[in-house]
Amino acid sequence: MITQTTLAALDAADPLAHCRERFHLPDGVLYFDGNSLGPLPRGVPARMKTVVEEQWGEGLIRSWNTAGWMDLPARVGGRIASLVGAEPGSIISADSTSVNLFKLVCAALALNPGRPEILSDSGNFPTDLYVASGAAQIIGRDHRLKVVEPQDVAEAIGPSTAVVMLTHVDYRTGQMHDMEAITARAHAAGAIVIWDLAHSTGAMPVDLAGCKVDLAVGCSYKYLNGGPGAPAWLYVAPRHQAAVHSPLTGWLGHAAPFAFDLGYRPADGIARFICGTPNILSLAALDASLDAFDGVDMRLVRAKSIRLGDLFIGLVEQELGAAGFGLGSPRDGTARGSQVSLTHPQGYAIMQALISRGVIGDFRAPDVLRFGFCPLYARFSDLWGLVGHLREIMATEEWNQEMFLRRARVT
Ligand SMILES: *Cc1c(COP(=O)(O)O)cnc(C)c1O
């Protein structure tokens, strides 16, 4: 039996409890959607004020040099590297996840000429699949995207596989791939791997170097809390950096942008994957948001995340047994990312009813109610509130109203 007392005791003993202070969380809101848009870290507004009013307002163009604007993609990349076990100088922050994936898919196909296939799975986020098939078409020859079921990936890697491109944590189910095992399997078959860490970065320890990953991308507005549309990031293992090329050969990836040469020469190292002018306002917000991870042991984050998910599943079974919810995520916490999905035929309307009560998760077609648990600010006792609201909404059929049944543009 899970009680309010159990949960309060866990909060009192939580070694990450002090991190909640690092975020602005609106009164009256229980937030379970940090896996889609992280909340506002407290240090961001002051940083934005400085960047806008002092650096831009007063410094004007001088700030490219005097305020370190040019260094931001690598500086922020270096901070992200420490969260994902990447070598120094192997990550830059730039562009969107989709654009970075395009750069890396093209780069990876060129690293592995003669093999036609990009292998991915049907649990991948659609943009990843769209981008890969777009890249395959542009490169031409007989390149193609092959999509298999998530559990069949390892088996499907073979002599025609050029690139295995996967998202580590399935956005819908939270099911996690074994990054180390699949990477090893791909390498044994002569393939390159690209991991998308959109739902892993900031949610759990990741060991890109230890898993010998070749290439990776990740998102910064989810568990990194970098703000809406925050610049994403891109990783190239040091052993590949001299041989891989970005297909987006913009001037800021040039060896000497301010020489204004007519011919393109790639910068050394990861910098060649920068394309155009960095988004300074967004990068500065992301840089400030990363302060929320200062001194945080990612192993504690993972342990709390698993505990939150397990307790949520336990409470749903205890309190909502007859409400018709299915479990859309692995029950085994070690096989799950930092989210738990419930399924219900009326999932959309139920989620809208929850949101109208200030309890925010999200919905993913066709029937998934998704709840992200972000250990830096989630409290164990928040689970009591979440399940209590769900119980009331189901018992009274509060969800069954026109305003909750009508679909909005962003779900
Ligand atoms: C969130 C997410 C993206 C987002 O891509 P954008 O280019 O930032 O819109 C991409 N891939 C995965 C797996 C995601 O979860």
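The values are calculated or read from the model by the stated rules, or taken from the named source; none is laboratory data. Values in this document were obtained by computation on a predicted structure and should not be read as measured data. No Cβ is skipped: glycine too gets one built from the backbone with ideal geometry, and neighbour counts run over all protein chains shown.
Which condition breaks for residue 159 when tested against (1) within 16 Å of the ligand (Cβ to nearest atom); (2) part of a loop (DSSP other than H, G, I, E, B)?
Checking residue 159 against (1) within 16 Å of the ligand (Cβ to nearest atom); (2) part of a loop (DSSP other than H, G, I, E, B), the one that fails is (1).
Need the failing condition index for residue 85 against (1) surrounded by fewer than 23 Cβ atoms within 10 Å (Cβ to Cβ); (2) in a helix (DSSP H, G or I), just the number.
All conditions pass for residue 85, except number (2).
Report, by residue number, each residue of the stretch 113-154 that is surrounded by fewer than 16 Cβ atoms within 10 Å (Cβ to Cβ), within 16 Å of the ligand (Cβ to nearest atom) and either in contact (Cβ under 8 Å) with a residue 40 or more places away in the chain or closer than 14 Å to residue 176 by Cα (or both).
Once the filter is applied, which keeps residues that are surrounded by fewer than 16 Cβ atoms within 10 Å (Cβ to Cβ), within 16 Å of the ligand (Cβ to nearest atom) and either in contact (Cβ under 8 Å) with a residue 40 or more places away in the chain or closer than 14 Å to residue 176 by Cα (or both), the stretch 113-154 yields only 122.
If we keep just the residues of the stretch 88-102 that are away from the ligand (no atom under 12 Å from the Cβ) and under 11 Å from residue 215 (Cα atoms), which is surrounded by the most Cβ atoms within 10 Å (Cβ to Cβ)?
91
Matching residues to (1) more than 16 Å from the ligand (Cβ to nearest atom); (2) touching a residue at least 40 places away in the same chain (Cβ under 8 Å); (3) crowded, with 24+ Cβ neighbours inside 10 Å; (4) assigned to a loop (DSSP other than H, G, I, E, B):
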| position | (1), (2), (3), (4) |
| --- | --- |
| 220 | no, yes, yes, yes |
| 224 | no, yes, yes, yes |
| 239 | yes, no, no, no |
| 245 | yes, yes, no, yes |
| 261 | yes, no, no, yes |
| 271 | yes, yes, no, no |
| 282 | no, yes, no, no |
| 289 | no, yes, yes, no |
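Could you tell me whether the stretch 168-181 includes any residue that is crowded, with 21+ Cβ neighbours inside 10 Å, acidic (Asp, Glu) and part of a loop (DSSP other than H, G, I, E, B)?
Yes: the stretch 168-181 contains one or more residues that are crowded, with 21+ Cβ neighbours inside 10 Å, acidic (Asp, Glu) and part of a loop (DSSP other than H, G, I, E, B).
Looking at residue 205 and the list (1) in contact with a helix residue (DSSP H, G or I) (Cβ under 6 Å, 6 or more places away or on another chain); (2) farther than 27 Å from residue 25 by Cα, which single condition is not satisfied?
(2)
Tally time: how many residues in the stretch 51-70 are assigned to a helix (DSSP H, G or I) and either touching a strand residue (DSSP E or B) at 6+ places or on another chain (Cβ under 6 Å) or exposed (fewer than 15 other Cβ atoms within 10 Å of the Cβ) (or both)?
Within the stretch 51-70, residues that are assigned to a helix (DSSP H, G or I) and either touching a strand residue (DSSP E or B) at 6+ places or on another chain (Cβ under 6 Å) or exposed (fewer than 15 other Cβ atoms within 10 Å of the Cβ) (or both) number 10.
Could you run through the stretch 109-139 and say how many residues are under 24 Å from residue 337 (Cα atoms) and either outside the structural domain of residue 96 (by TED's automatic domain parsing) or of a type in the set (S, T, N, Q) (or both)?
4
Output the number of residues of the stretch 210-228 satisfying the condition of being over 18 Å from residue 74 (Cα atoms) and under 19 Å from the mean Cα position of the chain (by Cα).
Selection size over the stretch 210-228: 8.
Of all residues in the stretch 163-218 being more than 16 Å from the ligand (Cβ to nearest atom) and touching a Pro at 6+ places or on another chain (Cβ under 8 Å), which is nearest to residue 242 (Cα to Cα)?
Only one residue fits best here, namely 190.
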